[in-house]
Amino acid sequence: MYPPIEPFATGTLHVSDANTIYWEASGNPLGQPALYLHGGPGGGIGSGYRRYFDPERYRIISLEQRGCGRSRPLATDPDADLSVNHTRALIDDIEALRLHLEVDSWLLLGVSWGCTLALAYAQAHPGRVTGIVLAAINTTTRFEVDWITEHLQALFPREWQSFARASGRKTGQRLIDAYLERLLDPEPDVRAAAAEAWCAWENVHVSLDPKFKPILLFEDPGFCQNFATLVVHYWKHAGFLDDGEILAGMSRLAGIPGVLIHGRFDVSSPMLTAWNLHEAWPGSELVIIESEGHGGPEMFEEVTRAISRL
């Protein structure tokens, strides 16, 4: 990975009457444009993503998606309207940023949820995409949502039992639906407890590495609640996409080079998703990291190499 760098430009862009998104650019202002799409939804961009790109070759661009990070309003703000926070709106936001920055086309890097968004954007605007690198792959289908919220009890029965009890779900109710009700409850204590339980479950399944340390950002109650609200909002609606829509649209990416990078031990995102995408994407390359799960140093070294190849 490349040494840390700071942005040469930052800004905000009004994308609707209610929403303003934060964006930043680093690397070479005259370099090949590349766009990083963060995970979550609601994870924010941090700074480490810049190290995947050669700063001499790339104009490295990212944005914080609606409702999180330095974009406003946050999902948990009193004036936030979650009804206008959905995947189609995020695709429009990306296009608005592309036009604002006068980018003709760009390479996409998506990580975790960012894979879903990168694929949805690329299928909507294939002529604006020069290549795609995806890591810790998911497509936010109902199967994947049920896998991570319901079926992982098979691997973590004690932790899942606590997670399920904290949802307060009614008989026959999906966990994801119950959590959204609690995260939108008028009582602050109810929302806070639901967010804490959700983020605790995230820390359970995100890594099988015995040396894994809990995600530090989850120790911030404000971040934890905003993150949980956005994740559950999107997951309840299966990413606001028709079931199987991403997989069915992979033929639109024929001719666009792509590298899919996934960890063998990723229990958060089943390997089957990465495999099915690779099979349906003509010319794509699938790289399996045999010793890692949903992220890890070897995976992100492979991300760096894939970007260099493209």
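The values are calculated or read from the model by the stated rules, or taken from the named source; none is laboratory data. Because the structure is predicted, anything quoted here is derived from the model rather than measured. Virtual Cβ from ideal backbone geometry, glycine too; neighbours counted across all protein chains shown. What goes into the accessible areas is simple: the full protein's heavy atoms, side chains included, and nothing from ligands, DNA or RNA. Shrake-Rupley method; radii C 1.70, N 1.55, O 1.52, S 1.80 Å.
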Problem set entry | Looking only at the range 170-219, and only at residues there that are surrounded by fewer than 18 Cβ atoms within 10 Å (Cβ to Cβ) and of a type in the set (Val, Ile, Thr), the one that is modelled with the highest pLDDT | 190
Exercise. Inside the range 92-134, can you point out the residues that are in a strand (DSSP E or B) and either touching a His at 6+ places or on another chain (Cβ under 8 Å) or among the charged types (D, E, K, R) (or both)?
Worked result: 111
Exercise. Can you find a residue in the range 37-54 that is closer than 16 Å to residue 99 by Cα and in a strand (DSSP E or B)?
Worked result: no
Exercise. Is it true that some residue in the range 287-309 is within 23 Å of residue 54 (Cβ to Cβ), open to solvent by 10 Å² or more (accessible area, probe 1.4 Å), of a type in the set (Ser, Thr, Tyr) and in contact (Cβ under 8 Å) with a residue 40 or more places away in the chain?
Worked result: yes
Seminar exercise, completed: Selection from the range 199-213 of residues touching a residue at least 12 places away in the same chain (Cβ under 8 Å) and either in contact with a Cys (Cβ under 7 Å, 6 or more places away or on another chain) or in a loop (DSSP other than H, G, I, E, B) (or both) yields 199, 206, 207, 208, 209
Exercise. Quick one: residue 162 ticks every box in (1) surrounded by fewer than 16 Cβ atoms within 10 Å (Cβ to Cβ); (2) within 30 Å of residue 34 (Cα to Cα) bar one, so which box is it?
Worked result: (2)
Problem set entry | Total residues in the range 209-233, condition under 30 Å from residue 290 (Cβ atoms) and touching a Pro at 6+ places or on another chain (Cβ under 8 Å) | 1
Problem set entry | Condition check for residue 277: touching a strand residue (DSSP E or B) at 6+ places or on another chain (Cβ under 9 Å), in contact (Cβ under 8 Å) with a residue 40 or more places away in the chain, among the aliphatic types (A, V, I, L, M) and open to solvent by 40 Å² or more (accessible area, probe 1.4 Å) | no
Problem set entry | Total residues in the range 253-267, condition under 27 Å from residue 198 (Cβ atoms), of a type in the set (Gly, Ala, Ser) and open to solvent by 10 Å² or more (accessible area, probe 1.4 Å) | 0
Exercise. Yes or no: residue 78 open to solvent by 30 Å² or more (accessible area, probe 1.4 Å) and touching a Gly at 6+ places or on another chain (Cβ under 9 Å)?
Worked result: no
Problem set entry | Conditions (1) modelled with pLDDT of 95 or more; (2) over 19 Å from the mean Cα position of the chain (by Cα); (3) surrounded by fewer than 16 Cβ atoms within 10 Å (Cβ to Cβ); number of the one not met by residue 33 | (3)
For this session: Return only the number of the condition from (1) modelled with pLDDT of 95 or more; (2) more than 30 Å from residue 191 (Cβ to Cβ); (3) of a type outside the set (Asp, Glu) that residue 223 does not satisfy.
Result: (2)
Exercise. Quick check: anything in the range 49-62 at pLDDT 95 or above and under 21 Å from residue 202 (Cβ atoms)?
Worked result: yes
